[in-house]
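Student: Pasting a structure here, questions to come.
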Amino acid sequence: MWLFFALFLAIGLGSMFTSILSGLIMLLAACVFVPQVNRAINDKAGVTITPGLRAVFAIVCLGLLFYTSNKALETDRAERQAHEVNTAQLKAEQAQKDKREYVAANKEAILAEISALIAKQDYSGANNLGSKYSNAGSFEIDQALLKVSAQKTEADKQQKKSSILASLGSIKQDDYNALASSYAQLAAIDQTYTANAEKFSKLAEQKAQDAKARQQAADEKARRKSMGLTWSYADGEDKMSGKPVRRAYVSSSNTVDFKFPYAGAQRATLTIRKHPRWGTSVYVAIEKGQFVCGYDDCDVRVRFAKGGAQRMSASEPDDHSSNLLFISNASSFIAQARKSDKVFVEANFYQEGSRVFEFDISDLDWK
C-alpha cells in the first residue's frame, strides 16, 4: 500500500505544475493507500475500505486527472493562441504606424522615384514601389499607384498586341481557326480588328462545315461502295487468247421483289466489259428472274439523268440465259454514261411486266 501511496503522491505533485485541481485529486487518491487514514475512517465512520474500493477510487481519480489535465491544456492553448493573435495585431499596427510615419516623412522622394520609373517605362517596378507604400495615408501615392496600374495594363496590352501581330506572319492563310483566334485576341485589345475576327470566324465555321460535309460524303460513298452501289473494277485474262479482260460493274440503287419462284429482294447489275475477242459490251443482269427477249431481240428503255428516255436494242446472250441482257451500241451507251451520274434502265420480265432499275454511274473510269 505504501508503494501505491508513493506512486499517486508523485503523480499528484507532478500534476500541480499543469493543474492544481488535478494535483489535489491525485493527492486525495494517494491518501486512501495510507493505513492510518483507512483505520481513522473505519473508527469514525464505521466504513471499511477494502482493496476493491481502493482500486475503484483510484481508477475514478485517474479519470478525473486526465479530464482536468486536458481541460487545463486546452485553456492554456487557447490563451497562447489569443496571445499570439494579439501580438501579431500589435506588430501589424506598429508596422502600419511606422509605414505611415515613413511615408509622411518621405512622400516626395517616393513620388519622385515612382515618376522616374514611369519615365523609364518600368511599370512593374513603379507598380511594386507604389504597392509597397499604398494605404499609408498618402492620397498622392495612392493616386500614383492607380495611374501606374492603368499604364501597366495598357503597356501589357500593347506588348501582347505586338506579339500577336508578329505571329500572324507565321500562320497559314487557310488556317482560319488560328487566324480567327488571333484576331479575336486583337479585337479584345483594339476594336479595329473586330471585322477581321468576325470574317475569319465565319470562314473557320464554313471550312468546318465543308470538311464535315466532305467527310459525310466520303462516308456515304464508302458505304455505297461496300454495298456495290458504285463502280467496281475487275481485271482478268481471256484463257484462249491470253489477253486482258476488263470489267466495270455496279449494282442498282433500288431493289425489286418478284413472285415465286423468284421471290426475295434483289438488285440488278450493270456491267461494261472489254474482251479481246468479243469487243466492248454493256449488259444488265439479275440474280433471279427472266428477261423477256425473244429470238428477234428486243428493246429496253434507257434514260440518263441529263436526257430523255430512249429506246435501245437489246439481245440475249449466246447461251440464251434469261437473267442477262446485252444492250446494243455499247459505245453510245458508254459515251453518254461518262457525261451523267445516273442511268435508269427499264426492261420487261416474264410474268412481272416492266421494271425500272436505277444505277449510280458517276465517276466512271473507263478507257
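For (1) in contact with a Ser or Thr (Cβ under 6 Å, 6 or more places away or on another chain); (2) in contact (Cβ under 8 Å) with a residue 24 or more places away in the chain, each residue gets a yes or a no:
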site	(1), (2)
THR271	no, yes
HIS275	no, yes
ILE286	no, yes
GLY289	no, yes
VAL292	no, yes
ASP296	no, no
ALA305	yes, yes
SER313	yes, no
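Student: Is at least one residue of the stretch 113-128 of a type in the set (Lys, Arg) and either under 25 Å from ASP98 (Cα atoms) or open to solvent by less than 40 Å² (accessible area, probe 1.4 Å) (or both)?
Tutor: No, every residue in the stretch 113-128 fails to be of a type in the set (Lys, Arg) and either under 25 Å from ASP98 (Cα atoms) or open to solvent by less than 40 Å² (accessible area, probe 1.4 Å) (or both).
Student: Go through (1) open to solvent by 60 Å² or more (accessible area, probe 1.4 Å); (2) within 28 Å of VAL245 (Cα to Cα); (3) at pLDDT below 95 one by one and return the number of the condition LYS274 breaks.
Tutor: (3)
Student: Go through the stretch 186-243 and count every residue that is in a loop (DSSP other than H, G, I, E, B) and open to solvent by less than 70 Å² (accessible area, probe 1.4 Å).
Tutor: 8
Student: Could you pull out the residue among VAL250, VAL284, VAL302 that is in contact with a Leu (Cβ under 6 Å, 6 or more places away or on another chain), open to solvent by less than 80 Å² (accessible area, probe 1.4 Å) and closer than 17 Å to ASP341 by Cα?
Tutor: Result of the check over VAL250, VAL284, VAL302: VAL250.
Student: Shifting gears a bit: In the set SER252, SER201, which member is under 25 Å from PHE349 (Cα atoms) and among the hydroxyl-bearing types (Ser, Thr, Tyr)?
Tutor: SER252
The values are calculated or read from the model by the stated rules, or taken from the named source; none is laboratory data. Values in this document were obtained by computation on a predicted structure and should not be read as measured data. With ideal geometry, Cβ positions are generated from the backbone for all residues, glycine too; neighbour counts draw on all protein chains shown. The protein model used for the area step is the full one, side chains on, heavy atoms only, and it has no ligands, DNA or RNA in it. Shrake-Rupley method; radii C 1.70, N 1.55, O 1.52, S 1.80 Å.
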